[in-house]
Amino acid sequence: MEKYNDLWNVEASFRVSKHDLAVRPVFHWKPRRIKAHMAICFAAYSLVKQMQYRVKLQYKNLSIEKIRQTLIRVQTSILFDQEKRIRYGLPSRMSKEAKKIYQVFNIKRSMTPYIIEKLKM
């Protein structure tokens, strides 16, 4: 019975890998490439689970998909002033949940426009 309960965790990890991380079968022929592909998939899964764990500890329990959907909406538009030859970053507004996730990982994000680079004339 105990082993059957562990099977649920394995199935959940495959579901996350397949659905949330969009890991699909890739057909490699060389053992080195197969191992590299598996290592990348495992690293991605490990990082996502660690992120979910830290968000749960410091904020609340969110699914991997919910975290991804929240963070994907955090954007910065880039505008280029052709006369002054300056590239500006204009951050979008963040939801409360996105702000909280950023706080969990101690990531600072400016909410005011900023200069990305000044190009030479």
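Nothing in this text is a laboratory measurement; each read-out follows from the coordinates by a stated rule. As the structure is a prediction and not an experimental result, all values here were calculated from the model. So basically every Cβ, Gly included, is an ideal-geometry build from the backbone, and we count neighbours across all protein chains shown.
Among T76, T70, what is the fewest-to-most ranking by other Cβ atoms within 10 Å?
Values: T76 14, T70 19.
With the sparsest Cβ surroundings first, the list reads T76, T70.
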**Inter-label distance for Y88 and Y53, nm, one decimal - labels placed 7 Å from Cα along Cα-to-Cβ** = 4.4
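Show me the chymotrypsin sites (Phe, Trp or Tyr not before Pro) within region 41-121 that DSSP assigns to loop and that have at most 12 other Cβ atoms within 10 Å of their Cβ.
F105
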**Message:** Students often forget the sequence filter, so: which lysines lie under 16 Å Cα-Cα from K66 once same-chain residues fewer than 8 apart are removed?
**Reply:** K18, K49, K56, K96, K99, K100
**Complete:** Residues meeting the amide H criterion for T76 (H placed from the backbone, H to H distance under 5 Å, 5 or more places apart or on another chain) are S92
**Request:** Per residue of region 39-50, in order, report the coupling 6.51 cos²θ - 1.76 cosθ + 1.60 (Karplus, θ = phi - 60°) as ³J(HN,Hα) in whole Hz, putting x for Gly and Pro.
**Result:** 5, 5, 4, 5, 5, 4, 4, 4, 5, 5, 5, 5
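Arranged by the count of other C-beta atoms within 10 angstrom, fewest first, what order do I34, I72 take?
On the way: I34 13, I72 9.
With the fewest neighbours first, I34, I72 line up as I72, I34.
Using the eigenvalues of the Cα gyration tensor, what equivalent ellipsoid semi-axes result for region 75-118 when each is taken as the square root of five times the eigenvalue, whole Å, largest first? Numbers along the way, then the final one.
Values: eigenvalues 141, 19, 7 Å².
Working through the eigenvalues yields semi-axes of 27, 10, 6 Å.
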**Message:** To make sure I understand, if each residue's beta carbon is the centre and we count other beta carbons within 10 Å, what order do V74, V26 fall in, fewest to most?
**Reply:** V26, V74
**Item:** Hz values of 3J(HN,Hα) by residue in region 57-66 - Karplus curve (6.51, -1.76, 1.60), Gly and Pro given as x
**Value:** 5, 9, 9, 7, 6, 10, 6, 4, 5, 5
